[in-house]
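A quick write-up on the structure given underneath.
The values are calculated or read from the model by the stated rules, or taken from the named source; none is laboratory data. Quantities reported herein were computed from a predicted structural model and do not represent experimental measurements. Using ideal geometry, Cβ is built from the backbone for each residue, glycine included, and neighbour counts are taken over all protein chains shown. Accessible surface areas use protein heavy atoms only, side chains included; no ligands, DNA or RNA. Shrake-Rupley method; radii C 1.70, N 1.55, O 1.52, S 1.80 Å.
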Amino acid sequence: MFILLNDSYFLGLLVAVFLLSYLLTRTFIKFMVNYKYSFDLHKRSKEKIPEMGGIVPVLISSLLFMLLDFKISLILLLTGFVGIYDDLFKLSPFKKIVLLGIIGGIVGYLIFGFDVKTLLMILGVSIFSNFTNMLAGFNGLEIGLGIISAFFLGIVLLLNGEYDGFRLILIFIASYLGLLLFNKYPAKVFPGDVGTLPIGAFLVTLAIRYSIPEFIIIMTPYIIDAFLKYLSAGVTKREDHKPTTLREDGKLDPGRGYLSLPRLILKIYPMREYELVLTLWIIEIFFGILAVVLRVIRQ
């Protein structure tokens with residue numbers, strides 16, 4: 001049974017989740033910096049940036065969800081494990097899609113039984129987990145977009161009277177906000193696939209569970225990005241693509257690699273990394289507002 005939204009205990013829980021995420025992420029950075037790290041391609045200084053920081057919010061939210069909604073906890077944990085394996089050993093795109101689809105099917109069956117929504121879970125988790133993992137590569141982009149997307153999905157849930165789903169969203173956002181403070185420009189930690197795959201899995205699970213068609217509108221930037229990538233490069237490993245590079249003036253050069261939403265923006269108007277991320281956040285906010293407006297009109 002959820003604590004009431006207007007109860008100070010629940011608000012205190014959100015603050016505690018945020019602070020725990022912040023403190024554990026800071027500790028994680030100090031521990032992981034010499035074990036699993038990479039270098040920021042869009043910075044001239046080649047400092048070691050620890051990876052897999054997404055472990056922290058995924059563990060916090062999934063462990064708390066075990067007390068509130070075990071099935072939602074399971075989707076975060078299982079997709080998080082896939083992300084850990086992918087970060088450490090690199091899964092092929094096909095194997096990743098299959099594994100995520102299996103997880104979606106298992107959790108879908110636990111929630112819906114033999115139902116068409118279970119089929120939607122198989123497709124949704126495999127697709128949208130990859131989408132939130134693909135629109136990436138810039139400081140704060142993945143986590144910021146995930147938080148914004150979750151926020152607007154939460155607003156639609158609130159308008160629908162789905163208060164339990166809305167509370168889950170708030171806990172999820174609080175846990176990821178702690179990571180964002182260290183992942184924003186200039187990043188002190190990268191989320192890794194363990195942090196990005198569960199975002200799409202969590203959001204699509206709630207959207208299917210509570211029948212939220214506006215979810216597709218919220219996810220439009222991800223869909224556009226995936227469409228551009230598949231159109232220009234097909235299904236290939238992210239490591240096979242050439243990344244954007246840093247120009248002498250500090251702005252990003254899209255290069256001649258595969259097409260994506262960030263590269264398309266850079267081709268139209270070159271900008272600095274934090275400006276690009278802010279632009280993409282604004283685009284996501286626009287579609288989030290559009291989804292809310294459409295929900296209000298549908299009433």
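Data overview
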item: Percent accessible area from carbon and sulfur atoms, segment 1-96, protein chains only, probe 1.4 Å; result: 70 percent
item: Net charge dipole size for segment 164-299 [Lys, Arg +1 and Asp, Glu -1 on Cβ; Debye, nearest 20]; result: 80 debye
item: Theoretical ellipticity at 222 nm over the chain - DSSP helices of four or more residues, -39500 (n - 2.57) apiece, nearest 500; result: -23500 deg cm²/dmol
item: Area projected by the alpha carbon convex hull of segment 1-136, averaged over all directions, nm²; result: 10.4 nm²
item: Amide hydrogen neighbours beyond the local backbone of residue 246, cut-off 5 Å, H modeled; result: 253
item: Proximal aspartates and glutamates to residue 46, defined as alpha-carbon separation beneath 20 angstrom and excluding residues fewer than eight positions away on the same chain; result: 239, 248, 249, 253, 273
item: Residue-by-residue Karplus 3J(HN,Hα) for segment 35-40, coefficients 6.51, -1.76, 1.60, Hz, glycine and proline x; result: 10, 9, 8, 8, 10, 6
item: Peptides 159-171, 141-153 ordered by average Cβ neighbours within 10 Å, highest first; result: 141-153, 159-171
item: When each of 43/242; 30/90; 48/251; 48/188; 71/117 is checked by Cα-Cα distance, pairs over 18 Å; result: 30/90; 48/251
item: Share of carbon and sulfur in the accessible heavy-atom surface of segment 147-299 [1.4 Å probe, %]; result: 66 percent
item: Residues with amide H under 5 Å from that of residue 37, placed H, sequence gap 5 or more; result: 51
item: Global geometry of segment 126-238, whether rounded, prolate or oblate, following the gyration tensor of its Cα atoms and the 1.5 cut on a/c; result: oblate
item: Gap separating the Cα centres of segment 73-148 and segment 180-209, nearest whole Å; result: 11 Å
item: Heavy-atom accessible area per residue - the chain, 1.4 Å, Å²; result: 47 Å²
